[in-house]
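Written below as structure tokens is the structure these notes are about.
The values are calculated or read from the model by the stated rules, or taken from the named source; none is laboratory data. Keep in mind that this is a model prediction, so the values were computed, not measured. No Cβ is skipped: glycine too gets one built from the backbone with ideal geometry, and neighbour counts run over all protein chains shown.
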């Protein structure tokens, strides 16, 4: 991964220094860039969120020919290293920082990755709080595998935008999918900045999943109470959804409440197959027409 001209967006001479990140908001956001002639939706949304929350922003470009590489294939190749020249990297980095600065982002960095998307997200996930990317940057089925590998490896919260998303970063009606799992709990915790800024939050309670024997002695997370303690008034909606149709049912509920964002946990089929995202998550990733916030 090559880093280019990582300089802060400084205030004009004699002006105030950039404000520190807003407490409780993502301190570092990475937006996956798919083009540089005009900034793709993930970059636009990532920059807008970074400006609103005064977060640090990283723009990361991964060439289309390299995005699906995984495992041993993701080792940087000679062809990949030749895809971007330092001069081009510098020009794109300058344009990216200028774009971010125009929105009020306090600090922007530009990197060009010469390896697969899953490995990039795992690496960046070590020091970022949120990833913003688009569903169609790879084939629908491949995205599930790539995100599964990244989410399970580093637990990086990810905001996945549908193709050609042009409705900005103001998510006013949020549907929270809750099934009692640890993944769903982490998703609610990580999504608090989005929930706090929404006009309406609907808590879709699908009931507590059955945990291992003895978990009845553990403290139980209460999502409605938890959100209320953070000043978020959620409208509870209890439903019974069969696992085999959970993805389609969740999207239908999102449409019924007019949601413009879904918050959910990303759950794998098996602990032994950590690269596989569960069926409901995969279905939603492939079919949702609104952004999806995922956390493992």
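Residue count for the stretch 154-169, restricted to those that are in a loop (DSSP other than H, G, I, E, B) and in contact (Cβ under 8 Å) with a residue 60 or more places away in the chain: 9. Considering the stretch 181-208, the residues that are free of Cβ contacts under 8 Å to residues at least 60 places away in the same chain and in contact with a strand residue (DSSP E or B) (Cβ under 6 Å, 6 or more places away or on another chain) include one that is farthest from residue 259 (Cα to Cα), namely 205. Can you spot a residue in the stretch 199-219 that is modelled with pLDDT of 85 or more, surrounded by fewer than 21 Cβ atoms within 10 Å (Cβ to Cβ) and closer than 28 Å to residue 40 by Cα? There is at least one residue in the stretch 199-219 that is modelled with pLDDT of 85 or more, surrounded by fewer than 21 Cβ atoms within 10 Å (Cβ to Cβ) and closer than 28 Å to residue 40 by Cα. Flag: residue 189 does not match the condition of being within 21 Å of residue 160 (Cβ to Cβ), at pLDDT below 75 and not assigned by TED's automatic domain parsing to the domain that holds residue 26. Applying a threshold of 6 Å to beta carbon distances and a minimum spacing of six or more residues, or different chains, the list of pairs starting in the stretch 225-246 at a residue that is assigned by TED's automatic domain parsing to the domain that holds residue 199 and at pLDDT 75 or above and ending at one that is surrounded by fewer than 13 Cβ atoms within 10 Å (Cβ to Cβ) and not in a loop (DSSP other than H, G, I, E, B) is empty.
Could you please find all residues in the stretch 247-279 being in a loop (DSSP other than H, G, I, E, B), out of contact with any helix residue (DSSP H, G or I) (no Cβ under 6 Å at 6 or more places or on another chain), at pLDDT below 85 and surrounded by 16 or more Cβ atoms within 10 Å (Cβ to Cβ)? Passing the criteria: only 278.
In the stretch 170-180, how many are surrounded by fewer than 22 Cβ atoms within 10 Å (Cβ to Cβ), assigned to a loop (DSSP other than H, G, I, E, B) and either in contact with a strand residue (DSSP E or B) (Cβ under 6 Å, 6 or more places away or on another chain) or modelled with pLDDT under 95 (or both)?
So the first thing to find is which residues in the stretch 170-180 are surrounded by fewer than 22 Cβ atoms within 10 Å (Cβ to Cβ), and the list is 170, 172-173, 179-180.
Then drop every residue that is not assigned to a loop (DSSP other than H, G, I, E, B), which leaves 170, 172, 179-180.
Remaining after also requiring either in contact with a strand residue (DSSP E or B) (Cβ under 6 Å, 6 or more places away or on another chain) or modelled with pLDDT under 95 (or both): 170, 179-180.
The number of residues fulfilling the criteria is 3.
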